[in-house]
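Coordinate-derived values only; no laboratory data. Everything quoted here is computed from the prediction, not taken from an experiment. For neighbour counting, all protein chains shown are included, and Cβ atoms are generated from backbone atoms with ideal geometry for every residue, glycine included.
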């Protein structure tokens with residue numbers, strides 16, 4: 001899954017949302033559990049507070065006293081974390097505290113006592129001398145006929161619930177982690193299932209490009225069906241444009257050849273310098289028209305979708321033909337093509353490109369010409385498959401500085417042999433129309449090697 005893919009974006013965005021929701025749920029559940037623990041703990045402290053109120057009496061001097069100790073023995077154990085104390089309203093009066101406090105006292109701050117609920121009870125936390133976390137409840141009461149309020153305070157060891165809270169948080173984290181992994185798997189499955197029509201569409205487009213189909217068949221989800229219909233219309237329009245271009249090219253060729261032939265014939269019937277010049281220029285015009293018409297035909301064929309050509313039969317047929325043409329030199333042409341290699345283009349264009357290269361090689365070869373086809377090692381990283389058609393000979397070759405010169409129409413790399421200088425330029429133009437190109441190098445046979453890069457299909 002690549003970082004710039006639609007699947008990666010969907011999975012990552014969904015995973016981020018799921019993580020945020022799960023973390024928020026964990027925080028919310030942990031806070032709710034903490035609140036539930038505090039409510040339950042406060043209920044226990046309230047029960048202790050009620051028992052304390054039932055056992056407190058007021059002495060003659062106004063100081064509080066206890067009729068009987070509370071039944072809970074934790075209030076008698078020294079510094080157990082469970083305490084109660086009763087503070088009289090006036091200074092100088094003796095206060096009353098549980099035996100567990102020893103000589104210590106709990107002193108809440110003004111801020112602790114400021115916030116009270118509807119029953120007038122303050123709930124807060126304190127730490128005792130041992131650092132134990134205490135949950136404290138404090139309330140003011142008037143005892144008997146006394147006008148002033150006494151402060152009743154009950155505290156419990158809240159650290160006893162730490163193990164329970166920790167176990168809950170660990171369980172919560174484990175369950176939410178498992179839930180998150182399950183959601184991630186579900187997201188991956190959902191994305192793969194949801195994007196399957198796009199992969200099917202891609203496969204069918206590839207089949208069209210490789211010549212195994214002519215249009216997109218089948219039904220797609222309603223979001224993709226319009227795209228499929230538009231692509232079919234585009235493919236049809238492309239075919240119609242190419243066919244119309246071919247027809248117009250043929251019509252133009254027919255329309256121009258006849259007037260040029262008439263001019264040439266009339267010029268030949270009228271001797272003189274003017275007639276010679278007209279005949280010369282008519283021939284140039286005919287050559288130019290043929291050149292540009294051929295270029296237009298090649299461009300139209302190169303843009304046609306679905307054209308596929310087997311490479312081995314074309315090269316084998318060219319080799320047999322050129323061996324007969326150059327029979328006087330007894331040139332031997334060997335062809336090495338992996339089975340099943342296919343050129344993504346028109347057969348006529350492959351014949352023209354390979355034929356030009358083989359014909360040039362046979363002209364310069366002494367006895368041997370070799371044609372090797374294989375995967376391209378320097379192809380552009382565009383995701384397409386490319387092949388190299390390498391034509392080499394055992395002739396004199398070219399000097400190193402000539403190998404770097406690009407083919408130019410009408411210019412020959414070596415003037416010692418006859419020719420128009422159009423062969424390599426035609427090959428380069430046709431290959432460029434398919435996105436390929438040619439490169440000159442030294443052949444393994446000692447002469448020149450021309451490497452032709454072309455698009456291919458599996």
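The table below gives the values:
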| item | result |
| --- | --- |
| Contact order relative to length of the chain, as percent, for alpha carbon pairs under 8 angstrom and 6 or more apart | 9 percent |
| Angle between the chain longest axis and helix 311-325 axis [Cα atoms, degrees, rounded to 10] | 20 degrees |
| Convex hull (Cα only) mean projected area of the range 309-457, reported in nm² to one decimal | 8.3 nm² |
| Order of 73, 430 under a 10 Å beta carbon neighbour criterion, fewest first | 73, 430 |
| Percent antiparallel among DSSP beta bridges (both partners in the chain, rounded to 5) | 90 percent |
| On Cα atoms only, tilt of 225-269 relative to the major axis of the chain in degrees | 20 degrees |
| With Cα atoms, 0 to 90° folded angle of helix 273-302 axis to the chain main axis | 30 degrees |
| Which labelled figure in (1) 46, 29, 20; (2) 34, 28, 22; (3) 103, 25, 19 is semi-axes √(5λ) of the Cα gyration tensor in Å, once derived from the coordinates | (3) |
| Residue exposure sequence - 283, 425 - by fewest surrounding Cβ within 10 Å | 283, 425 |
| Packing-based exposure ordering (other Cβ within 10 Å, fewest first) of 378, 128 | 378, 128 |
